[in-house]
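**Student:** Have a look at the structure that comes next, please.
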Amino acid sequence: MPQTLVQLRTELKKGNRSSFYAKLSKELDQLNRKYHVLLERTEPSHTGSGPLAGIPVSVKDCLCVKDVPSAAGSEILKGYIPPFDATAVTKVKNAGGVIIGKTAQDEFGFGSFSVNTNIVPKNPHDPTRSCGGSSGGAAALTAALSVPHLALAESTGGSIACPASFCGVVGMTPTYGLVSRYGLIDYANSLDKIGVITKSVADAELGLSVIRGYDPRDQTSLDKKIPPVPKRIVLGVPKEYFETVDSAVAAAVWDTIKKLEAAGIPYKKVSLTATKYALAAYYIIATAEASTNLAKYCGMRYGQAAPLEQREMNEYFSAVRSTYFSSEAKRRIMLGTFARMAGFRDKYFLQAQKVRTLVIQDFKKVFKNVSVLVTPTMPVIAPTFAEIEQMSPVQHYAMDVLTVGPNLAGLPHLSVPCGTVKNMPVGIQIIGDHLTEATVFSLGKCV
Amino acid sequence: MTVIIGLETHVQLPTKSKIFCGCKNIVTFEKEPEPNTVTCETCIGLPGAKPQVNSQVIEFGTRIALALECKINNTFSFSRKTYFYPDMGKNFQITQHTIPLGSHGKLLVDGKLIRITRVHVEEDPARLVHIGGVGGSHVLVDYNRSGTPLVEIVTEPDMTSPEQARAYLATLTQVLQYLGVYDPSTKAVLKSDANISLKGGARVEIKNITGEKEVFEALRFEMMRQKNLSKQGKRTIQETRLWNPELSVTQELRTKETEEDYGYIPEGDLTPITLEQRIILKEKQQLPELPAQKYKRYQRDYKVAPKLAEALLADPQLAVLFEAASKKIDSKLAATWIAGPLKKTLNWNNRRLEQTDITVASFVSVLKLFNSRKLTDRNAEMLIRYLVAEGGQPETLIKKHQLTGSGTDLDKVIKTVIKNNPKAARDVTNGVAKALNFLIGMVMKETKGTVDANTVRKALEKALR
């Protein structure tokens, strides 16, 4: 059995792609029945060549794939068929990748358990547990498949790292701007990053090398080179990132840090003092931006519509939005709209922007002394659906406490499996300075 | 009672493409395109589409800001202005809020400085087509206009009368014409919103005013309305009103309580823009001479009277013709004939100079013929009419329409006139001045004005001596 994308590519070059895809199709049917990971399946065209020649690639529902329904896991956009490909999807197609379907997610990325949507994916390690979110379908599919596969995913506040950690796979969120967001159905523009979920670090590195690169259609995309890996790597262990963590999870991460130390990679204890404000700042900025991004869904041009019934236009828009947005989407629209209203903007939105600057400065200071930071990815193992039901919205949001920091700062971060607790995977998060993807990957391979 | 007026003027810019996508800008089209044929994922606002700033819009905006003596901000940015309306694809407009392209400018209008608060660029929404009129059966949306670049120019409340507001708008329009960013003969729209209050009273905003005459009428109406309220002991409330050009009144649109909160936030898809100093400097050096500077120069260097200078400046093409003609012929003569007969004829024919065959050389040749008395002033004027209306070269038209005096036998006409008016002829000989004028008139009538009046006078005097 091939273990990596490169091995699979080599095997497919020799063997018969059609029979591989016939077999894969059956496996996907089976997995989908069990774990509800795919929202849409596509008829794969698998004749391309390039670094991903013949490789099966799934795409998170929020990324537009031409002629394939793309609704970002939402009801209001259900059935929307984009007339163009996202840049990342074009790059995958040009590299010979084979798009197999759209993966399940929280509506518009609003959640950490992929439960804020109609089709809830399940964790392949234990189907009574969540696979994390919002890129839940992407991580669950990667974990469940018998062959290596590349999942295109997206993170705003931790939506790649979280499900990767819960499902025991690798999740890479690159530096903000490294991958073009053109064709991404926006959650929060200043935070959204397209990344990858794979079975191994090497696969994530290959996947990212294909989709990254400057794109004139996304003005926030970067035209910068990634520096080589430094000779000496020193880890930083931020104490604030262990404070709210389940002790068994913390222990698994510490074991890994000690192993790395034994292998000759020393660590230093560091402090990131702005951490405690990051979660609140994140939710204000993300919801404020989201509330403007979601304004366009009003039943006029695409997605769901409502009967006209001679209504005044505001009543019509309200009817469509009240019917088809989930309660979580409505909550975030209201929070976000409030935070940017005149009279409150200074107190909330602008204050959050200041905190964001502090968080970035905090990281920059630490990176003067250490090469990368290592932390747990999630404070707990994947919770059961029963546990999730008991959580308040604030407890939900608190799940992102370890991932919002690097996401607010736009830093590359990689979640790599590093052991188990109660037979469930635990992930270690490696956070690098901007554009240090090479260093982050090289350490990830040592875990 | 002092009136305080400020204006916000929006102008569609004639760039090649739209402000945030590669679609062509329909303002530059000669014919109205079929609805919704000049659109793409970005200007319709499809999920996943992203804006990209058109650098020509920034270039035009910078030029306008510099001409209005604004400070170009080191780094300026874009914001989202959120409100729900069917003409907006995204239900937010990308505009400039926190830091505009330019600020702290000024414009001299009839000797008074009007301070410019800010100059910024933004996108125009789609066009709504009300089937069966406003309030009719339904509304169609045409996204061809969505994403047309707009520049917004905002003044401080520095104007103190509707007349002054009209003069400001006329001056601004002229500046924009000279900058090559606005051409009133195209479909580009120039619209204003006005703020008006009586000293100590609440401020009323009037939306949707097109043109100088309307600005004047809307403000005069609103000023009277507010003064009348005050006379009746009532107070003006702070509100937004709509100008209705058909009825020539302002109508209530919304009061302060229902005023929209646009919830501005930065546009996360667009990075802030920093213009290099050298680009700003280059743009500054390339600014054309503006009307105010020309006005001074025409009086100083060409000794043109203020009224004439104003008339020449009103049309940039006539100003160009004047400056070129002045190199070859007396500038006062050129000014009189360009600002007078030529301008009148162009207006009469509803034509612009560039739409005629008139060149600097041909126009100068007409003036030279007039100057050397080969054409009477009436014939010269007739020639200009033919040049504008028919086109072609002066020599051909002179022949075709027999515009020279040479074709007429003046002596013969004079003999006939004297013979037919013996009393008047006698009176002239007896020194009655009025009688000479009468005979001149008779000769002019017979020669249909092809002969200059002075020539007729001399010839008559000679014949009757």
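The values are calculated or read from the model by the stated rules, or taken from the named source; none is laboratory data. In this text the structure is predicted, and so the values were computed from the model without any measurement. Glycine gets a Cβ as well: all are built from the backbone with ideal geometry, and neighbour counts include every protein chain shown. Heads up: the accessible areas ignore ligands, DNA and RNA and are worked out on the full protein's heavy atoms, side chains in. Shrake-Rupley method; radii C 1.70, N 1.55, O 1.52, S 1.80 Å.
**Student:** A:T90 - would you say it is open to solvent by 30 Å² or more (accessible area, probe 1.4 Å), more than 20 Å from B:G48 (Cα to Cα) and either of a type outside the set (K, R) or in contact with a helix residue (DSSP H, G or I) (Cβ under 9 Å, 6 or more places away or on another chain) (or both)?
**Tutor:** no
**Student:** Same structure again: Of the residues B:K199, B:K191, B:K284, B:K207, which is farther than 24 Å from B:L313 by Cβ and touching a residue at least 60 places away in the same chain (Cβ under 8 Å)?
**Tutor:** B:K199
**Student:** Run down B:E59, B:E34, B:E30, B:E41 and say which single residue is touching a residue at least 24 places away in the same chain (Cβ under 8 Å) and of a type in the set (D, E, K, R).
**Tutor:** Of the residues listed, the single one that is touching a residue at least 24 places away in the same chain (Cβ under 8 Å) and of a type in the set (D, E, K, R) is B:E59.
**Student:** Does at least one position in the stretch A:282-301 carry a residue that is within 13 Å of another protein chain (Cβ to nearest Cβ), among the basic types (K, R), open to solvent by 20 Å² or more (accessible area, probe 1.4 Å) and within 30 Å of A:V237 (Cα to Cα)?
**Tutor:** Within the stretch A:282-301 (the criterion being within 13 Å of another protein chain (Cβ to nearest Cβ), among the basic types (K, R), open to solvent by 20 Å² or more (accessible area, probe 1.4 Å) and within 30 Å of A:V237 (Cα to Cα)), the answer is no, since none of the residues qualifies.
**Student:** Right, next: Starting from residues that are touching a residue at least 40 places away in the same chain (Cβ under 8 Å) and assigned to a helix (DSSP H, G or I), keep the ones in the stretch A:260-281 and report whichever is surrounded by the fewest Cβ atoms within 10 Å (Cβ to Cβ).
**Tutor:** Going through the qualifying residues, I end up with A:A280.
**Student:** I would also like to ask the following. What helices (runs of 4 or more DSSP H) completely inside the stretch B:266-318 contain at least 3 residues that are within 20 Å of B:K343 (Cβ to Cβ)?
**Tutor:** B:291-301, B:306-313
**Student:** Every residue in the stretch A:411-425 that is of a type outside the set (K, R) and either touching a Ser or Thr at 6+ places or on another chain (Cβ under 6 Å) or open to solvent by 30 Å² or more (accessible area, probe 1.4 Å) (or both), please.
**Tutor:** Selection gives A:P412, A:H413, A:S415, A:P417, A:C418, A:G419, A:T420, A:N423.
**Student:** Also: Taking the condition touching an Asp or Glu at 6+ places or on another chain (Cβ under 6 Å), surrounded by fewer than 24 Cβ atoms within 10 Å (Cβ to Cβ) and either farther than 24 Å from A:T142 by Cβ or not aromatic (F, W, Y) (or both), does A:V380 pass?
**Tutor:** yes
**Student:** Restricting attention to the stretch A:202-223, does a residue exist that is at pLDDT below 95 and either in a loop (DSSP other than H, G, I, E, B) or touching a strand residue (DSSP E or B) at 6+ places or on another chain (Cβ under 6 Å) (or both)?
**Tutor:** yes
**Student:** Now, a different point. So B:N36 ticks every box in (1) at pLDDT 95 or above; (2) touching a helix residue (DSSP H, G or I) at 6+ places or on another chain (Cβ under 9 Å); (3) away from every other protein chain (no Cβ under 14 Å); (4) open to solvent by 10 Å² or more (accessible area, probe 1.4 Å) but one. Which box is left unticked?
**Tutor:** The single condition B:N36 does not satisfy is (3).
**Student:** Pick out the one residue from B:K368, B:K374, B:K343 that is more than 28 Å from B:V456 (Cα to Cα) and either touching a helix residue (DSSP H, G or I) at 6+ places or on another chain (Cβ under 8 Å) or open to solvent by 20 Å² or more (accessible area, probe 1.4 Å) (or both).
**Tutor:** Going through B:K368, B:K374, B:K343 in turn, just one is more than 28 Å from B:V456 (Cα to Cα) and either touching a helix residue (DSSP H, G or I) at 6+ places or on another chain (Cβ under 8 Å) or open to solvent by 20 Å² or more (accessible area, probe 1.4 Å) (or both): B:K343.
**Student:** Now, a different point. Among the numbered conditions (1) of a type outside the set (S, T, N, Q); (2) within 14 Å of chain A (Cβ to nearest Cβ); (3) open to solvent by less than 70 Å² (accessible area, probe 1.4 Å), tell me where B:P272 comes up short.
**Tutor:** For B:P272, the failing item is (3).
**Student:** Please enumerate the residues belonging to the stretch A:308-357 that are assigned to a loop (DSSP other than H, G, I, E, B) and closer than 22 Å to A:V404 by Cβ.
**Tutor:** Result: A:S326, A:R340, A:F344, A:R345.
**Student:** Select from the stretch A:340-361 the residues that are among the aliphatic types (A, V, I, L, M) and at the interface with another protein chain (Cβ under 9 Å from one of its Cβ atoms) and write down the one among them that is nearest to B:Y83 (Cα to Cα).
**Tutor:** Going through the qualifying residues, I end up with A:M341.
**Student:** So in the stretch B:166-222, with the set limited to residues that are of a type in the set (S, T, Y) and open to solvent by less than 10 Å² (accessible area, probe 1.4 Å), which one is nearest to the chain's Cα centre (by Cα)?
**Tutor:** Result: B:Y168.
**Student:** OK, next. Does the stretch A:160-188 hold any residues that are in contact with a Lys or Arg (Cβ under 8 Å, 6 or more places away or on another chain), surrounded by 24 or more Cβ atoms within 10 Å (Cβ to Cβ), within 14 Å of chain B (Cβ to nearest Cβ) and more than 16 Å from A:L206 (Cβ to Cβ), and which are they?
**Tutor:** A:S180, A:R181, A:Y182
**Student:** Follow-up. For the stretch B:88-100, enumerate the residues that are surrounded by 17 or more Cβ atoms within 10 Å (Cβ to Cβ) and either assigned to a loop (DSSP other than H, G, I, E, B) or away from every other protein chain (no Cβ under 11 Å) (or both).
**Tutor:** The answer is B:M88, B:G89, B:K90, B:N91, B:T95, B:Q96, B:H97, B:I99, B:P100.
**Student:** For the stretch B:341-399, name all the residues that are part of a helix (DSSP H, G or I), in contact with a Gly (Cβ under 8 Å, 6 or more places away or on another chain) and at pLDDT below 90.
**Tutor:** Of everything in the stretch B:341-399, those that are part of a helix (DSSP H, G or I), in contact with a Gly (Cβ under 8 Å, 6 or more places away or on another chain) and at pLDDT below 90 turn out to be B:R378, B:N379.
**Student:** A:I99: in the same structural domain as A:D203 (by TED's automatic domain parsing), modelled with pLDDT of 95 or more, not small (G, A, S) and not in a strand (DSSP E or B), yes or no?
**Tutor:** no
**Student:** Do we have A:E27 as more than 27 Å from A:V115 (Cα to Cα), more than 14 Å from chain B (Cβ to nearest Cβ) and either surrounded by fewer than 17 Cβ atoms within 10 Å (Cβ to Cβ) or touching a strand residue (DSSP E or B) at 6+ places or on another chain (Cβ under 6 Å) (or both) here?
**Tutor:** No: the conditions fail for A:E27.
**Student:** Out of everything in the stretch B:400-416 that is open to solvent by 70 Å² or more (accessible area, probe 1.4 Å) and part of a loop (DSSP other than H, G, I, E, B), what residue ends up being modelled with the lowest pLDDT?
**Tutor:** For the stretch B:400-416, the residue satisfying everything is B:D409.
**Student:** Report the residue count in the stretch B:45-86 for those that are of a type outside the set (K, R), open to solvent by less than 40 Å² (accessible area, probe 1.4 Å), outside any strand (DSSP E or B) and at pLDDT 95 or above.
**Tutor:** Matching residues across the stretch B:45-86 total 22.
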